[in-house]
Amino acid sequence: MSIAKSTGELLLDRPSDLGIQTKSTATDVVTLMDQRAEAFIVGELTKHRPEDAILGEEGANKPGSSGMQWVIDPIDGTVNYLHKVPHWCVSIGLKDENSGQALAGVVYVPILDQMYISSRGLGAWVIEPSGTRKLQVSECNELSQALMGTGFGYASSRRASQARVLQQVLPKVADIRRLGSCAVDLCLVAEGVLDGYYERGVNAWDHAAGELIAREAGAVSSGLFGNQIGEDMIVVTTPAIHAELIAILETHNADKD
């Protein structure tokens with residue numbers, strides 16, 4: 001938690017020139033602060049856990065010998081960070097390299113000073129200025145009453161496909177929000193603010209911490225067609241609406257562009 005908190009403080013002290021670059025497309029941006037934050041996290045983890053592997057969005061790929069791997073996203077929601085929209089976070093997850101199981105996760109939202117935490121089998125919590133709360137998903141049991149979160153890719157072909165799927169999902173739910181950070185969305189599912197979240201194209205560092213936090217708060221998560229969560233699709237919802245949303249997404253091949 002202390003590493004996530006310190007990273008958040010580093011990111012709040014932003015320079016006037018963020019050194020913006022692009023990655024996969026002109027809308028897929030990375031800033032100098034993404035890179036500085038990842039370097040800081042890698043340095044701290046290496047100092048305290050030298051035998052662990054590390055995988056990061058901005059290029060960190062350190063092998064380890066312990067069988068444990070840290071999966072980090074220094075800024076999940078870089079576009080929000082760039083435009084000063086508060087929904088961005090520092091995400092740090094720990095997984096067992098052999099089983100692939102998530103073991104622990106921390107998602108820190110610096111603007112709101114909210115620290116979402118979870119350990120496998122021990123529940124999920126949020127630490128905020130007003131105190132600490134145990135997280136529990138909402139009691140939503142009808143998809144038609146669900147407030148869903150989703151996200152969009154960067155490539156125009158991916159966005160066109162996601163728009164096609166959105167047209168099928170939107171009439172069947174209460175409404176949809178696109179907040180711009182997978183990790184924050186997953187924590188909002190854990191908190192019962194959102195009733196579910198789905199997206200195609202997210203990477204391991206996007207959901208490594210948030211998906212565990214949501215599951216430990218009572219959510220159900222999966223991919224489509226019996227697959228595990230992955231780049232093709234992640235679906236995380238309250239238990240009662242999961243199967244119905246999965247059926248809609250499968251019918252409309254939401255895991256394909």
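Which condition from (1) hydroxyl-bearing (Ser, Thr, Tyr); (2) under 16 Å from the mean Cα position of the chain (by Cα); (3) at pLDDT 95 or above is the one that residue 65 breaks?
So residue 65 meets the others, but not (2).
Look through the range 230-255, keep the residues that are in contact with a Phe, Trp or Tyr (Cβ under 7 Å, 6 or more places away or on another chain) and assigned to a helix (DSSP H, G or I), and return whichever of them is surrounded by the most Cβ atoms within 10 Å (Cβ to Cβ).
The qualifying residue surrounded by the most Cβ atoms within 10 Å (Cβ to Cβ) is 245.
Could you list all residues from the range 194-224 that are within 18 Å of residue 110 (Cβ to Cβ) and out of contact with any Phe, Trp or Tyr (no Cβ under 6 Å at 6 or more places or on another chain)?
205, 206, 209, 210 - these are the residues of the range 194-224 that are within 18 Å of residue 110 (Cβ to Cβ) and out of contact with any Phe, Trp or Tyr (no Cβ under 6 Å at 6 or more places or on another chain).
Looking only at the range 126-154, count every residue that is more than 20 Å from residue 195 (Cβ to Cβ) and in contact with a strand residue (DSSP E or B) (Cβ under 7 Å, 6 or more places away or on another chain) and tell me the total. Lay out the reasoning, then the answer.
Step one: list which residues in the range 126-154 are more than 20 Å from residue 195 (Cβ to Cβ), which gives 127-132, 153-154.
Checking the rest, the ones that are also in contact with a strand residue (DSSP E or B) (Cβ under 7 Å, 6 or more places away or on another chain) come to 127-128, 132.
Of the residues in that region, 3 qualify.
I'm trying to understand the selection: among the residues of the range 214-229, which are in contact with an Asp or Glu (Cβ under 9 Å, 6 or more places away or on another chain) and either β-branched (Val, Ile, Thr) or assigned to a loop (DSSP other than H, G, I, E, B) (or both)?
217, 219, 223, 224, 225, 227, 229 - these are the residues of the range 214-229 that are in contact with an Asp or Glu (Cβ under 9 Å, 6 or more places away or on another chain) and either β-branched (Val, Ile, Thr) or assigned to a loop (DSSP other than H, G, I, E, B) (or both).
Residues that are modelled with pLDDT of 95 or more and among the charged types (D, E, K, R): does the range 9-26 have at least one?
yes
Of all the residues that make up the range 144-203, how many are buried (at least 16 other Cβ atoms within 10 Å of the Cβ), under 16 Å from the mean Cα position of the chain (by Cα), part of a loop (DSSP other than H, G, I, E, B) and touching a residue at least 60 places away in the same chain (Cβ under 8 Å)?
3
Scan the range 71-79 and tell me whether some residue there is in a helix (DSSP H, G or I), assigned by TED's automatic domain parsing to the domain that holds residue 11 and free of Cβ contacts under 8 Å to residues at least 60 places away in the same chain.
Yes, the conditions are met somewhere in the range 71-79.
Of all residues being at positive phi and either of a type in the set (Gly, Ala, Ser) or in a strand (DSSP E or B) (or both) in the range 102-134, which is surrounded by the most Cβ atoms within 10 Å (Cβ to Cβ)? Just the residue, please.
Among them, the one singled out is 123.
Let's see how each residue does on (1) touching an Asp or Glu at 6+ places or on another chain (Cβ under 6 Å); (2) at pLDDT below 95; (3) over 16 Å from residue 213 (Cα atoms):
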{"site": "102", "(1), (2), (3)": "no, no, no"}
{"site": "105", "(1), (2), (3)": "no, no, no"}
{"site": "117", "(1), (2), (3)": "no, no, no"}
{"site": "135", "(1), (2), (3)": "yes, no, no"}
{"site": "139", "(1), (2), (3)": "no, no, yes"}
{"site": "143", "(1), (2), (3)": "yes, no, yes"}
{"site": "154", "(1), (2), (3)": "yes, yes, yes"}
{"site": "157", "(1), (2), (3)": "yes, yes, yes"}
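The values are calculated or read from the model by the stated rules, or taken from the named source; none is laboratory data. Here the structure is a predicted model, which is why all the values come from computation and not from measurement. Cβ coordinates were reconstructed from backbone atoms using ideal geometry, including for glycine residues, and neighbour counts include every protein chain displayed.
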